[in-house]
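Beneath this line is the structure, given in structure tokens, with notes to follow.
The values are calculated or read from the model by the stated rules, or taken from the named source; none is laboratory data. The structure displayed is predicted, hence computed values, not measured ones. Cβ placement follows ideal geometry from the backbone for every residue including glycine, while neighbour counts extend to all protein chains displayed. The accessibility values were calculated without ligands, DNA or RNA, using every heavy atom of the protein model including side chains. Shrake-Rupley method; radii C 1.70, N 1.55, O 1.52, S 1.80 Å.
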Amino acid sequence: MNVWSAIVASLHYLAIMGMAATLALEVMTLKGAVTQAAITRLARVDMFYGISALLVLATGLARVLWFGKGADFYLHNVLFHIKLTIFLAVALWSILPTVRFIRWNAAAKASGSLPTAAQFNSMRKVVFSELHLLALLPILAAFMARGFGFSGG
């Protein structure tokens with residue numbers, strides 16, 4: 001075990017926490033009043049969410065290829081494939097809020113028009129569902145770390 005392995009693992013965990021924190025902040029913002037400040041905050045926070053997700057992906061790939069338990073362990077583990085599928089589902093599901101936040105922010109800056117409270121509430125449900133799915137990943141990781149799901153290779 002080397003120091004780089006620990007650093008990459010730490011960055012991976014911190015990025016996952018960053019994803020969760022930004023989604024929680026988006027949920028809380030979407031629960032509040034529909035204001036220009038809220039729209040701007042959503043766009044900014046969502047950018048950090050995207051950066052966190054890319055960091056999770058990059059560090060996860062690095063762990064599989066160079067710093068984790070070896071590609072064989074991950075590629076022959078059904079729980080890893082479930083984790084990856086959930087991560088990809090969250091990533092795809094996050095496109096809708098991202099596009100919506102960008103559009104809302106552009107419209108608010110251009111004409112001062114804001115989304116309705118119903119639109120905010122609808123988007124809050126989408127983001128909250130992302131947060132719920134993301135919460136499954138550490139549960140699966142804990143089982144993986146203890147050898148569950150490995151079929152040998």
Quiz item: Hey, does the stretch 34-52 have a residue that's β-branched (Val, Ile, Thr), in a helix (DSSP H, G or I) and under 30 Å from Ser151 (Cα atoms)?
Solution: no
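Residues to consider are Ala71, Ala15, Ala9, Ala107; find the one that is under 28 Å from Ala118 (Cα atoms) and of a type in the set (Gly, Ala, Ser). Lay out the reasoning, then the answer.
Numbers: Ala71 fails: under 28 Å from Ala118 (Cα atoms); Ala15 fails: under 28 Å from Ala118 (Cα atoms); Ala9 fails: under 28 Å from Ala118 (Cα atoms).
Step by step, each of Ala71, Ala15, Ala9, Ala107 is checked, and only Ala107 is under 28 Å from Ala118 (Cα atoms) and of a type in the set (Gly, Ala, Ser).
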Quiz prompt | Given (1) over 16 Å from Val34 (Cα atoms); (2) assigned to a helix (DSSP H, G or I), number of the condition Gly147 does not satisfy | solution = (2)
Self-check item: Only one of Ala21, Ala43, Ala58 that is closer than 13 Å to Leu131 by Cβ and either small (Gly, Ala, Ser) or touching a His at 6+ places or on another chain (Cβ under 6 Å) (or both)
Solution: Ala21
Quiz item: If you take the residues in the stretch 17-54 that are closer than 26 Å to Ala141 by Cβ and either among the polar types (S, T, N, Q) or at pLDDT below 95 (or both), which one is surrounded by the fewest Cβ atoms within 10 Å (Cβ to Cβ)?
Solution: Ser52
Quiz item: From the set of residues in the stretch 98-128 that are hydroxyl-bearing (Ser, Thr, Tyr) and in a loop (DSSP other than H, G, I, E, B), which is nearest to the chain's Cα centre (by Cα)?
Solution: Thr116
Self-check item: Which numbered condition Val8 misses (of (1) more than 17 Å from Leu131 (Cα to Cα); (2) open to solvent by 50 Å² or more (accessible area, probe 1.4 Å))
Solution: (2)
